[in-house]
Amino acid sequence: MTKMITLTIDGIQVTVPEGTNIVDAAKKAGIDVPVFCYHPKMHPVGMCRMCLVEVGRPVVDRATGEFVRNEDGSIKIQFNPKLETGCTTPVSEGMVVINTSEKVKRGRKDILEFLLTSHPLDCPICDKGGECPLQNLTMAHGPGSSRFLFDEKKHLLKHTPLGELIYLDQERCIQCGRCVRFQEELVDDPVIGFSQRGRSLQIVTFSEPGFDSIFSGNTTDICPVGALTTADFRFGARPWELNAAASICQQCPVGCNLTLNVRREAVASGKVVIKRVMPRQNEWVNEIWICDKGRFGYHYTESPERLTQPLVRKEGELQPVSWEEALELVAERFRQAGENLLSVAGGRLSNEDFFNLRKLTEGLGGKTALYTHMGGGDLVALAGMSKDSNLAELGKGDAIFVIASDLHQEAPIWWLRVKQAAERGATLIVALPRPNRLDKFAQHVLRYRYGEESGLVLAMLNVLSAKRPELPESINALWRDAEVQAAAKAFAEAKNAVIFFGSEGVGLQASQALAQACANLLLLTNHVGRPHNGLIAVWQRPNDQGAWELGWRPSPELREAMGKASALYLVACDPAADDPGLPLTPDFLVVQDLFLTATAKLAHVVLPALPFTEREGSLVSGERRVQRYYPAIPARPGARADFAIIGQIGKQLGMDLEDRIASKVMLRIAAEVPAFAGITYTTLAHAPEQWPIIGRADLYYGGTTYENQQGIGVQLPNGVERGEQLTLSWPALVTLAHHGEGYLAVPVTKLYDGGSTLMASHLLDQRRVGSVIWMHPAEASQNAVQDGEFVHLQIGEASAIATVQLDEQVPQGVILAPRSTGIPLHEPRLVQIKVVERS
């Protein structure tokens, strides 16, 4: 049990855990101590001196160790003659803190006067105006005038790009160090820092390209002045002009909580537009941070290329028609197809969309298929994170195992939270064939060859209990490895344990086998069915796990299933662009999407859907937390929510499907799906108090992150908690041909890819990975391939052109290719490479 300390602040008695500083103790008592450099998510440094307070401590009798008492029996308090910084001073028993004395007020007034000596008086044009801690604290504690002469102000550069995403106004910077410390302490990207000395001190970037960090936007949230601004919001609007709508990030399976700031603009013909994306506090999910992909990757929702009218193919051309005509045609052709209807859906859809689509398809006797190249969601539903789990609770005595995933690129906030757990003392085990950003924080780094993912986990099982002695010799060599043995024992001895498994180097079959092996390890070590334990899949899309929870499964023979279907209903997926070899020539093809994709161009009917910013719905994160998002701007005329379109088709067919209100669809889900029992939009909107207390009322403490008033979501109980049985099952190992005719090409996920939900965000163009392949220099030398050359890739029936980049961290014998960049590669396979001669 943590020792509790009782002290008095401004006459109010406060009891807090030992080790708490005065600023946080005061915050818990509802008392605000002003700060600039201190942030509750970072270590205190006492740089700004704004949190000066008077501190008195009980006088202790050195002989007895007891508190000395006054004649009236009260404890004798001795005050320090000098003010102390509240952020660096830990509380102690009996301490007395005075936060509002004349001495304290005078000290804060002097600090503000010094800070303002060279600060520009440009509040009317500053982006931070209206949500500026310096502005607010100057009004509350600062002098009415300055004794320093205007001509003595230090003038520095303004509007300096630290990179293409973040701009710096050097004159506004008060050298609090928050941005520098965030990059160094929290996200391990020390790419900015201080340069020069004294009044010439300024922030500079050390990286090329500038400010090369995937978390850079967070520095603008915690900057207490207008020194750091984002490229897409600077000079765009004033904070008091903005309305706020709660939402959920759609770029990865973490489910980060967002606030979308919107306003009506004359330049947009009077339309309501999104001006910026801000983090929204959820200490169970993303705390108060988001990655730059989530912050800047929303622009596809406002693209002028979005579909706004149904299209029907007439005389060989797609032509605009009314919704009535399109829905009647689709309903009639689906009725004719009956059991030969195949509905394929991608993980962009909400839970409500998936539910309605499955009901529609099964009502006609048809089949459904989840569009994904990663399996294992059924095992995550069974042995995933239990209710009341929080990665922030993992620390000393716990273990985290990450395999087949580069979390830094695939799910950055999970990478950050896993890193922080390791820094709190959790045992981190990282398994990947190549180095990655988690290695430096891991106690055990395991290497294996691509294709041996499941074998490695089974080898760890054999270390603990020889359940599977007939493993191939290559796998037996793994379990004899001392590092593997140590990792297995550390995982087994952990109080709580979590496994993240991804899709690097695996396809559908291999990822399903990997999930089963991981579930076996959790079961054998008794790490299922309890809070802070379980299996997490690093999905490629935001609601893949929700689809699995609602009964959707990928088809191992999707090509064959598509070929047999007389009617194909493709929703939120683009197989024609991803895999040109898939047969997309049924008698009737319906595509429902945001854009006229490569697949939509082949369709008989195209139905325009709404993005998440213009509708409501819910998602299930990789940690199995159901979260609700709200409409931020009015729906663009002509498009409709996916669940509504599906429901309207159902009504044309005489089915009872909800097509108007998403919350009513959730009620049906809760009634039919055991894991969702009791969940309503009201329960999803429950917002308990969180620590640290982040709010717009005291921006100097936590930054401009939004407090969560719209709900933290509900974590689903897993199958084990509901009484379902998890049994050991030995997966068939997938063997890859590392040698043969061609190269073994392995798909990897990169954060900034060429996906349709990112291409419209041109701010990120410089960071986009493009069509490249990575090779080891020795491999390239043996095959006369040079860095920067264009090569032709032959991948079965498909082909692509890519640029070669040499990288010594790539394992020899393989090449790595990024997903969603135009290279049709979804699982490891042999490819032919030919250098393209330059004209």
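The values are calculated or read from the model by the stated rules, or taken from the named source; none is laboratory data. Since we're looking at a predicted model, the values are computed, not measured. Note: ideal-geometry Cβ built from the backbone for every residue, glycine included; neighbour counts use all protein chains shown. The area values use the complete protein model at the heavy-atom level, side chains included, leaving out ligands, DNA and RNA. Shrake-Rupley method; radii C 1.70, N 1.55, O 1.52, S 1.80 Å.
Enter the angle in degrees (range 0 to 90, nearest 10) between the Cα long axis of helix 662-672 and the first principal axis of the Cα atoms of the chain, meaning the one along which they spread out most. Approximately 70 degrees, to the nearest 10.
Average accessible surface for the chain: 39 Å² per residue, computed with a 1.4 Å probe over protein heavy atoms with every protein chain in place. Distance between the pseudo-spin-label points of residue 243 and residue 82 (7 Å out from Cα toward the beta carbon): 5.3 nm. In region 625-639, which residues have a backbone nitrogen under 18 Å from the label point lying 7 Å from residue 273's Cα in the Cα-to-Cβ direction? What the label zone holds, given the 18 Å backbone N cut-off, is 632-637.
Placing a label point 7 Å from the Cα of residue 483 along the Cα-to-Cβ line, the residues of region 393-432 whose backbone N sits under 11 Å from it are 430-432. Determine which residues of region 37-65 fall in the zone a paramagnetic label at residue 103 would reach in this model, i.e. backbone nitrogen under 15 Å from the point 7 Å along Cα→Cβ. Residues 52-58 fall inside that zone.
Over the chain, Cα pairs under 8 Å with separation of 6+ residues give a relative contact order of 13 percent. Classify region 377-538 as rounded, prolate or oblate from the Cα gyration tensor: take a ≥ b ≥ c as the square roots of its eigenvalues, call it rounded if a/c is under 1.5, otherwise prolate when a/b beats b/c and oblate if not. Rounded is the answer for region 377-538, as its axis ratio a/c remains below 1.5.
Could you compute the FRET efficiency for residue 194 and residue 835, with r as their C-beta to C-beta distance and R0 at 56 Å, rounded to 0.05? E(calc), rounded to 0.05, equals 0.75. Here region 257-338 is treated with +1 on each Lys and Arg Cβ and -1 on each Asp and Glu Cβ, and its dipole about the Cα centre works out to around 360 debye.
Of all accessible surface on region 4-100 at a 1.4 Å probe, what whole percent is carbon and sulfur? Solvent-exposed carbon and sulfur of region 4-100 make up 49 percent of the total. Computed from backbone phi, the HN-Hα couplings of region 213-228 come to 8, 7, 10, 4, x, 5, 5, 6, 6, 9, 5, x, 9, x, 6, 10 Hz, rounded to whole numbers (Karplus: 6.51 cos²θ - 1.76 cosθ + 1.60, θ = phi - 60°; Gly and Pro given as x).
Using the Cα gyration tensor of the chain, with a ≥ b ≥ c the square roots of its eigenvalues, what is the shape: rounded (a/c below 1.5), prolate (a/b larger than b/c) or oblate (neither)? Prolate, since a/c reaches 1.5 and a/b exceeds b/c.
Residue order by solvent-accessible surface for 574, 406, 32 is 32, 574, 406, largest first, with ligands and nucleic acids left out and a 1.4 Å probe.
Inter-part distance, region 60-110 to region 376-443, computed on C-alpha centroids, equals 43 Å. Within region 27-72, the GluC sites (Glu not before Pro) that combine a DSSP coil assignment with at most 16 other C-beta atoms in a 10 angstrom radius are 66, 71. In this structure, the pairs whose alpha-carbon distance is over 18 Å, taken from 396/489; 82/153; 82/103; 28/105; 3/82; 158/293, are 82/153; 28/105; 3/82; 158/293.
Excluding residue 253 itself, what net charge comes from residues whose Cβ is under 9 Å from its Cβ, given Lys and Arg +1 and Asp and Glu -1? Neighbourhood net charge equals -2.
Remark: the chain carries a charge dipole of roughly 1540 debye about the Cα centre, counting +1 on each Lys and Arg Cβ and -1 on each Asp and Glu Cβ. Each Lys and Arg adds +1 at its Cβ and each Asp and Glu adds -1 at its Cβ; summed about the Cα centre, region 377-538 shows a dipole of about 320 debye. Within the chain, the cysteines lacking any other cysteine Cβ closer than 4.7 Å to their own Cβ are 51, 87, 123, 126, 132, 173, 179, 223, 252, 291, 518, 573. Angle of helix 642-652 to the longest C-alpha principal axis of the chain, folded into 0 to 90 degrees and rounded to 10: 40°. Compared with the alpha-carbon gap, the fully stretched path from residue 635 to residue 598 is longer by 10.9 nm at 0.36 nm per residue.
Taking each DSSP H run with n ≥ 4 as -39500 (n - 2.57) and averaging over every residue of the chain yields -6500 deg cm²/dmol at 222 nm. Compared with the alpha-carbon gap, the fully stretched path from residue 526 to residue 787 is longer by 89.1 nm at 0.36 nm per residue. Remark: spin-label model distance residue 69-residue 201 equals 4.7 nm, labels positioned 7 Å along the Cα→Cβ axis. In this structure the amide hydrogen of residue 275, modeled in the peptide plane, comes within under 5 Å of the amide hydrogens of 261, 262, 263, none closer than 5 places in sequence on its chain.
Compared with the dominant Cα axis of the chain, that is its longest principal axis, helix 453-464 is turned about 60°. Region 497-557 and region 750-804 have their alpha-carbon centroids 28 Å apart.
Within the accessible surface of region 548-605, defined with a 1.4 Å probe on protein heavy atoms only, the carbon and sulfur portion equals 51 percent. Of the GluC sites (Glu not before Pro) found in region 278-325, the ones in coil according to DSSP and having at most 14 other Cβ atoms within 10 Å of their Cβ are 305, 315. Between residue 559 and residue 140, the modelled labels are 6.5 nm apart [label points 7 Å from Cα along Cα→Cβ].
Taking a ≥ b ≥ c as the square roots of the eigenvalues of the Cα gyration tensor, region 698-838 is oblate, since a/c reaches 1.5 or more and a/b is not larger than b/c.
Between residue 439 and residue 388, what's the calculated FRET efficiency when r is the beta-carbon distance and R0 is 41 Å? Round to 0.05. It comes out at approximately 0.85. Taking 0.36 nm per residue of sequence separation and subtracting the Cα-Cα distance, how much length would be gained by fully extending the chain between residue 495 and residue 123, in nm to one decimal? 128.7 nm is the gain from fully extending residue 495 to residue 123.
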